[in-house]
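Since the structure comes first, as structure tokens, the remarks are kept for the end.
The values are calculated or read from the model by the stated rules, or taken from the named source; none is laboratory data. Predicted model, so just to flag it, every value in this text is computed and none were measured. Here the Cβ positions follow ideal geometry from the backbone for every residue, glycine too, while neighbour counts run over all protein chains shown. Note: areas computed on protein heavy atoms with side chains; ligands, DNA, RNA excluded. Shrake-Rupley method; radii C 1.70, N 1.55, O 1.52, S 1.80 Å.
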Amino acid sequence: MDFLAQNQLYIVMIIVLAIWLGIYIYLFRLDGRVKKLENQIRE
Amino acid sequence: MVLKILLGVLLTAVIIFGLGLPMSPHPQAWYELPVIPGLGEKARIIFFHVPTAWLSVVAFLTSMVYAIAYLRKRDLSYDIRSSAAAGLGFMFCILATLTGAVWAKFNWGSYWNWDPRETSIFVLLLIYGAYFSLRSAVETEEKRAALSSAYAIIAAVTVPFFIFIMPRIMTGLHPGAKGDPEGAGPVVEFKMSPNMRIIFFSSLVAFTLLFYWMFTLRVRTAQVEAHNHQRG
Amino acid sequence: MKAASPPFRSFLRSAGSVFLKDWRSELRTRYAVSALLMFVVTTIAIILFSLGSEGASPDALSGMLWVVVFFAAMSGLSRTFVMEEERGTTLTLQLLASPGAVFFGKLLFNLVLVTGLNAVTVLLYGAVIEGFVIRTMSIFVVTVILGSMGFAAAATVIAAIIARANTKGTLYPVLSFPIVLPLLLSVIEATKKASDGAFFAEAAGEFQLLISYIVVVVVASSMLFEFIWKD
Amino acid sequence: MSGRVHLAGEGLRKEYDRRPVFGNVSFSASAGETLLITGRNGSGKTTLVKIICGVLTPGGGTLSLTTNPHDPSRDRRGLIGLVSPYLQMFDEFSAVENLAIAMGIRGLPFDPRAADALLERVAIFPRRHDQVRTYSSGMKQRVKYAFALIHTPPVLVLDEPMTNLDVEGIAIVRTIMAEQRRHGILVVATNDLSDIDTYERRVDLDEGR
């Protein structure tokens, strides 16, 4: 904790990483769902 | 699939290295970033702010190219692409504006200074905003596509004039602008060490990939929607 | 003109007749002119009230002149197309004339309208607003003329888009502003130079910019107009 | 005077909002023939009329209108006259002025005597200098006939030709229709088959639904 308090930049980094991970996972799931719908249409 | 994984790795690396690597006044080791006088840690924004601004321009051009394609071919799938690109461009444009404004508050003392680049992105925001208000005002799909395509092209045609007007009217704060003793040429050139450059260009590539992925996703969802609409 | 081929001459005739029809219609109905004039008077009055007894700098005043022009133009220049759409005569015009003839006829009409409007605005503004002085008249006159042409060029195509959308006018300033902004910035800059007493040659850059703007916008809109005009 | 006119549509279709209005419509007609367009409400009669007049681009298919000998001074617009309920005159002008405007915008010379003769024929003559906005709807419909005929088009397109007309008006229109069939093509879009006694060609937009 001391380390983080002194290097606030790493807190920023962790937050940004978390946001990015969230977006990434969201996009992946969206991609999957769209693919499913597209397959439904094709049938 | 390869692209998606590449994107994931690349952007994660950009975040870790771009924000994580220590800065030192006289960089020796490969992992040390140089300190830019007057900016310090705040210089790190370049890895995220510039790519968003870059994408808002790329998206605008993409949208215009598909607008021309729509008017030539009268195929609604081009309009889907055009509006999808414009939508993403609008989002990235807002992101670039916000990140820039917050950063400007801490570095230049105020959120907004009407420096040439701020003015241009403001104009881009206005164009995007007008484009979407126009789209929402037209009900028939074919008409909406034709009118908004025409508008996008007219708007794009007038944008280059800003490049000639801005320097006459205002002095710049952004690196590369007139009146900046350090900068010559575009924003990318300012005093970047080789390792910074690698991170910066990786970030550009990663953001472009992200844009491409989001773009195809939007197009695909819109096509599914259009299909459902068609079947009633 | 002797060598003009018959199709070209009939194109000119056609565009001229579109202009003439709008012109005579305007004389009869005063559809656009009265709204425009009232707008100019109202805006100048508001500027007068807000200035009060305090003067503003000549730079600010030359900027404000174009604010008046912009909003007045935005209130009136869409009328040519919106009027056709409201009265259902768009189809009639589509049957009669090629899109190019309609575009250039309407462009000419808007040009006449906005030039007249600007002349009135400038005279009124100069007479009423104290502290607004023009030292280099030649720069100012050329600026007003080129500015009018630029406004007409940009406004005509946007008006055509607006008329075909369902909004009829509310979106007009929104759509026009980003398009007109380069024009607006250059004319403001040139007007400042005129009021500072710069030499004519010093404004050459602005004039080049204005001329190329007009050319680019007119060429692009005449190419796009067919897509806007035909369903 | 207009030579052999030929009007042909091949595989025409049109969509609105991705929904087909009609698909694969074909027809042809030559001078001296009447083409009848029928179909229920919403079957796209008006859409087809607008496509024939060249103000609407078809979603697919081709439409050709040829004259023989080819007259280069007239484009497609000059070959067609349209009368329809949704066509509006410039109503702050008089009937005569409307005809003059029409000829001017078409890029053709205006002959006032021809205009007077035409207005006489549709029985508007006494009020030809009054603004169109003061006319009754039946009179407006008559002015539209003059408006559509002033440039003597080889193809006359009538959408619901008898709208708003009284007995006298209907008689006038019948003679106009008969005359058009003598030298050119008459296209009529209507569901009221009592309007029209004889026709050579027919497009039924209800077919194939």
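Any idea which of C:I139, B:F164, B:F106 is furthest toward the positive side of the dipole for the protein assembly as shown, if Lys and Arg beta-carbons carry +1 and Asp and Glu beta-carbons -1?
Result: B:F164, furthest along the dipole toward the positive end.
Indicate the gyration tensor shape class of region B:2-231 (rounded, prolate or oblate), computed on the Cα atoms with a ≥ b ≥ c the square roots of the eigenvalues: a/c under 1.5 is rounded; otherwise a/b larger than b/c is prolate and the rest oblate.
Numbers: a/c = 2.76, a/b = 1.59, b/c = 1.74.
Oblate.
Roughly what angle does helix C:6-29 make with the longest principal axis of chain C, taking Cα atoms, 0 to 90 degrees, to the nearest 10?
Taking Cα atoms only, the helix is inclined about 60 degrees.
Going by alpha carbons, how many degrees (0 to 90, nearest 10) lie between the helix axis of C:33-51 and the longest principal axis of chain C?
Relative to chain C, helix C:33-51 is tipped by roughly 20 degrees.
Testing the spin-label approximation: label points 7 Å from Cα along Cα→Cβ at B:Y31 and A:F28. State their distance in nm.
My value for the distance between the label points is 2.6 nm.
Could I have the simple spin-label model distance between C:V216 and A:R42, label points 7 Å from Cα toward Cβ, reported in nm to one decimal?
If labels sit at C:V216 and A:R42, their model points lie 4.4 nm apart.
For C:V33, what accessible surface area do you get with a 1.4 Å probe? Give it in Å², rounded to 10.
The value for C:V33 is about 50 Å².
Among rounded, prolate and oblate, which fits region B:1-108 when a ≥ b ≥ c are the square roots of the eigenvalues of its C-alpha gyration tensor, a/c under 1.5 means rounded, and a/b larger than b/c means prolate?
Numbers: a/c = 3.75, a/b = 2.04, b/c = 1.84.
Prolate, since a/c reaches 1.5 and a/b exceeds b/c.
For chain D, take the alpha-carbon Rg, divide it by the Kirkwood Rh, and send me Rg/Rh. Please report the intermediate quantities before stating the final value.
Working: Rg = 16.9 Å, Rh = 17.6 Å.
Here Rg/Rh amounts to 0.96.
Around D:V157, which amide H atoms from residues at least 5 apart in sequence, or from another chain, sit under 5 Å from its own amide H, with H modelled in the peptide plane?
D:G81, D:L82, D:V83, D:V187
For chain C, which semi-axes, largest first and in whole Å, follow from the square roots of 5 times the eigenvalues of its Cα gyration tensor?
Values: eigenvalues 211, 85, 44 Å².
Semi-axis lengths for chain C are 32, 21, 15 Å.
Hey, which of these cross-link pairs are over 19 Å Cα-Cα: C:K230/D:K140; C:K21/D:K45; C:K106/D:K50; C:K106/C:K230; B:K73/D:K45?
Numbers: C:K230/D:K140 25 Å; C:K21/D:K45 31 Å; C:K106/D:K50 23 Å; C:K106/C:K230 16 Å; B:K73/D:K45 25 Å.
Result: C:K230/D:K140; C:K21/D:K45; C:K106/D:K50; B:K73/D:K45 exceed 19 Å.
Could you sort D:R182, C:R30 by accessible area so the largest value comes first, with the probe set to 1.4 Å? Mind showing how you got there, number by number?
Values: D:R182 175, C:R30 135 Å².
Per-residue accessible area, sorted high to low, gives D:R182, C:R30.
I want the antiparallel fraction of DSSP beta bridges within chain D, as a percent rounded to 5. Before the final figure, lay out the partial values.
Values: 17 of 34 bridges.
The answer is about 50 percent antiparallel.
Cross-link candidates for B:K4: which aspartates and glutamates have Cα within less than 19 Å, leaving aside residues fewer than 8 places away along the same chain?
Those aspartates and glutamates meeting the cut-off are A:D31.
If you count, for each residue, the other Cβ atoms within 10 Å and average over each peptide, how do C:140-151, A:16-27 line up from highest to lowest? Walk me through the intermediate numbers first.
Values: C:140-151: 21.7, A:16-27: 13.5.
So the peptides C:140-151, A:16-27, ranked by packing, come out C:140-151, A:16-27.
Going by Cα centres, region C:129-157 and region B:111-142 are how many Å apart?
After rounding, the separation between the Cα centres reads 26 Å.
Quick one: divide the alpha-carbon radius of gyration of region A:2-42 by 2.2 N^0.38 Å and tell me what you get. Walk me through the numbers on the way to the answer.
Details: Rg = 17.6 Å, N = 41, 2.2 N^0.38 = 9.0 Å.
Against the empirical 2.2 N^0.38 Å value, I get 1.95 for region A:2-42.
Ratio of region D:87-204's C-alpha Rg to 2.2 N^0.38 Å, to two decimals? Let's see the in-between values first.
On the way: Rg = 14.2 Å, N = 118, 2.2 N^0.38 = 13.5 Å.
My calculation over the Cα atoms of region D:87-204 gives 1.05.
When Lys and Arg each count +1 and Asp and Glu each count -1, what net charge do the other residues less than 13 Å away from B:L217, Cβ to Cβ, add up to?
Numbers: positive: A:R29, A:R33, A:K35, B:K4, B:R81, B:R218, B:R220; negative: A:D31, A:E38, B:E225.
Net local charge, B:L217 excluded: +4.
So, R0 is 22 Å and r is the distance between the beta-carbons of B:S110 and C:S57; what FRET efficiency does that work out to, to 0.05?
Working: r = 22 Å, r/R0 = 0.99.
It comes out at approximately 0.50.
With every protein chain left in place, what is the accessible area per residue of chain D in square angstrom, probe 1.4 Å?
For chain D, the per-residue accessible area is 42 Å².
Relative to the Cα centre, what is the charge dipole magnitude of region D:4-204, using +1 at the beta carbon of each Lys and Arg, -1 at the beta carbon of each Asp and Glu, and rounding to the nearest 20 debye? Intermediate values should be presented prior to the final figure.
Numbers: 25 positive and 23 negative charges, 82 e Å.
Using Cβ point charges on Lys, Arg, Asp and Glu, region D:4-204 gives about 400 debye.
For the interface of B with C, what's the total buried accessible surface in square angstrom, probe 1.4 angstrom, rounded to the nearest hundred? Walk me through the intermediate numbers first.
Details: alone 13290 and 11650 Å², together 22230 Å².
For B against C, buried area totals roughly 2700 Å².
Please give me the summed charge of the neighbours of B:P22: other residues whose Cβ is under 14 Å from its Cβ, Lys and Arg +1, Asp and Glu -1. If you can, show how the numbers build up before the last one.
Working: positive: B:R44; negative: B:E32, B:E41.
Local charge sum for B:P22: -1.
Using the scaling law 2.2 N^0.38 Å as the reference, what is the normalised Cα Rg of the protein assembly as shown?
Numbers: Rg = 31.0 Å, N = 715, 2.2 N^0.38 = 26.7 Å.
Taking N as the residue count of the protein assembly as shown, the ratio is 1.16.
Of C:S62, C:A190, C:N166, which is farthest along the charge dipole of region C:5-230 in the positive direction, counting Lys and Arg as +1 and Asp and Glu as -1 at C-beta?
C:N166
So for C:T156, B:T62, what's the accessible-area order with a 1.4 Å probe, most first? All intermediate terms of the calculation are to be shown ahead of the outcome.
On the way: C:T156 0, B:T62 30 Å².
From most accessible down to least: B:T62, C:T156.
Put B:H174, D:H183, D:H129 in order of accessible area, largest first, 1.4 Å probe: what do you get? Please report the intermediate quantities before stating the final value.
On the way: B:H174 35, D:H183 65, D:H129 130 Å².
Output order, biggest surface exposure first: D:H129, D:H183, B:H174.
Just from its helices, what would the mean residue ellipticity at 222 nm be for chain C, if runs of 4 or more DSSP H residues each count -39500 (n - 2.57) and the sum is divided by every residue, rounded to the nearest 500 deg cm²/dmol?
Helix contribution divided over all residues of chain C: -28000 deg cm²/dmol.
If R0 is 51 Å, what FRET efficiency do you get for D:I170 and B:D75 from their C-beta distance, rounded to 0.05? Show your work: numbers first, answer last.
On the way: r = 45 Å, r/R0 = 0.89.
Result of the calculation: an efficiency of 0.65.
Just to verify a number: what accessible area does B:S24 come out at with the full protein assembly present, 1.4 Å probe, Å² rounded to tens?
Only protein atoms counted, so the area is about 20 Å².
Assuming R0 = 51 Å, can you tell me the calculated FRET efficiency for the pair C:A204 and C:M38, based on Cβ-Cβ distance, to the nearest 0.05? Don't jump to the answer; show the numbers that get you there.
On the way: r = 37 Å, r/R0 = 0.72.
Calculated transfer efficiency: 0.90.
Using the Cα centre as the reference, give the magnitude of the dipole from point charges on the C-beta atoms of the protein assembly as shown (Lys, Arg: +1; Asp, Glu: -1; all else neutral), rounded to the nearest 20 debye. Each step should come with its number before you reach the end.
Details: 66 positive and 56 negative charges, 213 e Å.
That gives the protein assembly as shown a dipole magnitude of about 1020 debye.
Give, rounded to the nearest 20 debye, the magnitude of the charge dipole that chain B has about its Cα centre when Lys and Arg contribute +1 at Cβ and Asp and Glu contribute -1 at Cβ. Each step should come with its number before you reach the end.
Values: 19 positive and 13 negative charges, 87 e Å.
My answer is approximately 420 debye.
Roughly how tilted is helix B:76-107, in degrees to the nearest 10 and between 0 and 90, from the longest Cα axis of chain B?
For helix B:76-107, the angle is close to 30 degrees.
Below 12 Å, Cα to Cα, which aspartates and glutamates can D:K144 reach? Residues fewer than 8 away in the same chain don't count.
The qualifying aspartates and glutamates are D:D91, D:D159.
Output ³J(HN,Hα) for region C:104-109: one whole-Hz value per residue in order, computed from phi by the Karplus curve 6.51 cos²θ - 1.76 cosθ + 1.60 with θ = phi - 60°, and x for Gly and Pro.
6, x, 5, 4, 4, 4
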